[in-house]
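What follows is a set of notes on a single structure, which appears directly below.
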Amino acid sequence: MAAIRVLPELLINQIAAGEVVERPASALKEILENAIDAEARAIHVRLSQGGVKEIVVSDDGVGMAAEDLPLALARHATSKIASLADLESVRSLGFRGEALASIAAVSRLRLASRQHDAPHGWVVEAEGEWRAPARPEAIAPGTVVSVRDLYFNTPARRKFLKSEATEYGHCEEMFRRAALSRPDIAFTLHHNGRVVWHLIAGTREARIAALAGEAFAQAALPVEAAAGTLILRGLVALPAYSRSSRDLQYVFVNGRFVRDKLLAHAIREAYRDVLHHERHPAYVLFLELPPEAVDVNVHPMKIEVRFRDARAVHQFIFHALERVLARPMGGHDGQTLAPPAERFSPLGRAHPAPHQAPLALRAAEPLAFYDALFGTSAPGAIAQDASVSVAPTEAIPPLGYALAQLHGIYILAQNAQGLVVVDMHAAHERIVYEKLKRQLEGRRVASQPLLVPVALPASTLEVATVEEHAAVLEELGFAMAILSPQSVAVRAVPAVLADADPVGLARDLLRDLHALGGSRVLTERRNELLATLACHGAVRARRKLSIAEMNALLREMEVTERSSQCNHGRPTWFALSLAELDKLFLRGK
């Protein structure tokens, strides 16, 4: 007896269903993609018991003729591709031609459709391997797919399904993805007779706000970048809006939702310098490129893709997002196609971005502003500054002007919208960090010789590190010399760290040089080292600053990239508008 045999058609379809129809949400995904491919302008989804009992999807798309309905339930039958050339430049979401056949093999399926110029529609029904002939049906133009009793004939498979709430959650996520991908289509979702979502056709921003939430929309920065045939659009949230999970991460490639490791890595790298510890960024991004530049035929559920030029795509995504996240508050870098019209505080509250000339980095006291605040020039440091510059109140910069220092930790400032609170150490740490990065990238770290060299006891290992990595130390702006087998001298430090403790600075630097290695410390571990150095150079908590020093810090923040987060990803400032303050104090009640 032959050991190899041809499998029955039903078993073939049930095996395929195990790959394609993992759960109700998988069936819903395939049906929604068919509706979108059918040029629908409105799609209605009705679920019962999380989609296990029933899934009904109706659309007003082009519909199908009577002779096409039985073929729609056959394996490897499709209207979307006809040749290998079509497969290599797929523009539709579906193309395999086996989704409906697989779903029909494990459910009771009803497919009704009517073309717009036809007098009536047609319907076919299927249950396992049984198929009914097409018969006339009075329906509106478009298509209605009804899937009932999923896995009724494969009870072992049905046992793997979770609770109704869990299965519904997966179905709703598939609905979200489809609705996000096509904001020009109206979507409605019912579950157990209750309307959950009713989304009208509109702009991409409005659809994202509706599905991702108003808090995300307010805390997000618009992305619009192009390079050759690559186009990236969408919204990325500020690092302070980071999440504990990856629940708000959506990437669409030519309208198709994907989970791609290459894209995820590029996005994560763009956030690396501003994201706090193990937090996850939030984003909704749309990548467009020629269909022939991406292979979508690499996964049964079409959720993974492969790019022809993966490195180019990675670099494009990384640099586009890095520019958006690094843009200073006081101006735009001029490299994005559409700079944001609003600036957002780490709390996610929108503030209009004032139009102004680049700010000078000096401690200038705007007397007119303080006159407006207090009715007279502020005392103390203001009166002592003879080189003040007067700024009209209508040109108040984003972070405003300093009012006071709180507990030697926070700067309180007033801007055009209300109150700004700045963590002075975290903010200055970012400023010093970015200066060090720019100088090291340009191989021009300015060095400041110490008036009196500082000698410090050193271990044998530290002495060896000074000797071995003298060139690296010089490139970082340090000058150290070996005095004896047990001591070294610090003769110069980077100019931006001139106020730091040279002993602590030297010890941390030598420790990192030994741990990371001299070559690696200037390449892949460079930012880690510079962050350590910047922490030494930042103003310490409890240090009293004059009004002039506070304002100088605010002005530097406004022109420094990524200054809304410290080197560890924590926010450096928060804002409260007058309206929010009024609400706190019940004004107008």
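Here are the numbers for the structure shown:
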{"quantity": "Failed item, numbered, when residue 101 is tested on (1) more than 13 Å from residue 66 (Cα to Cα); (2) small (Gly, Ala, Ser); (3) assigned to a loop (DSSP other than H, G, I, E, B)", "calculated": "(3)"}
{"quantity": "Conditions (1) surrounded by fewer than 16 Cβ atoms within 10 Å (Cβ to Cβ); (2) out of contact with any strand residue (DSSP E or B) (no Cβ under 6 Å at 6 or more places or on another chain); number of the one not met by residue 412", "calculated": "(2)"}
{"quantity": "Unmet requirement for residue 129, which otherwise passes all of (1) within 39 Å of the chain's Cα centre (by Cα); (2) more than 30 Å from residue 251 (Cα to Cα)", "calculated": "(1)"}
{"quantity": "Options 553, 576, 533, 522: the member that is more than 20 Å from residue 274 (Cα to Cα) and either crowded, with 21+ Cβ neighbours inside 10 Å or not small (Gly, Ala, Ser) (or both)", "calculated": "576"}
{"quantity": "Residues located in region 539-589, provided they are small (Gly, Ala, Ser), under 19 Å from residue 416 (Cα atoms) and in a loop (DSSP other than H, G, I, E, B)", "calculated": "564"}
{"quantity": "Helices (runs of 4 or more DSSP H) fully within region 22-93 counting 2 or more residues that are modelled with pLDDT of 95 or more", "calculated": "24-37"}
{"quantity": "Checking residue 185 against (1) among the hydrophobic types (A, V, I, L, M, F, W, C); (2) more than 20 Å from residue 247 (Cβ to Cβ); (3) surrounded by fewer than 21 Cβ atoms within 10 Å (Cβ to Cβ); (4) within 25 Å of the chain's Cα centre (by Cα), the condition it does not meet", "calculated": "(3)"}
{"quantity": "Residue check for residue 190: assigned to a strand (DSSP E or B) and either at negative phi or surrounded by fewer than 16 Cβ atoms within 10 Å (Cβ to Cβ) (or both)", "calculated": "yes"}
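Results for (1) assigned by TED's automatic domain parsing to the domain that holds residue 58; (2) of a type outside the set (Lys, Arg), shown as yes or no for each residue.
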site	(1), (2)
180	yes, yes
194	yes, no
221	no, yes
239	no, yes
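The values are calculated or read from the model by the stated rules, or taken from the named source; none is laboratory data. Since the structure is predicted, the reported quantities are computational estimates derived from the model, not experimental observations. Neighbour counts run over all protein chains shown; Cβ positions are idealised from the backbone, glycine included.
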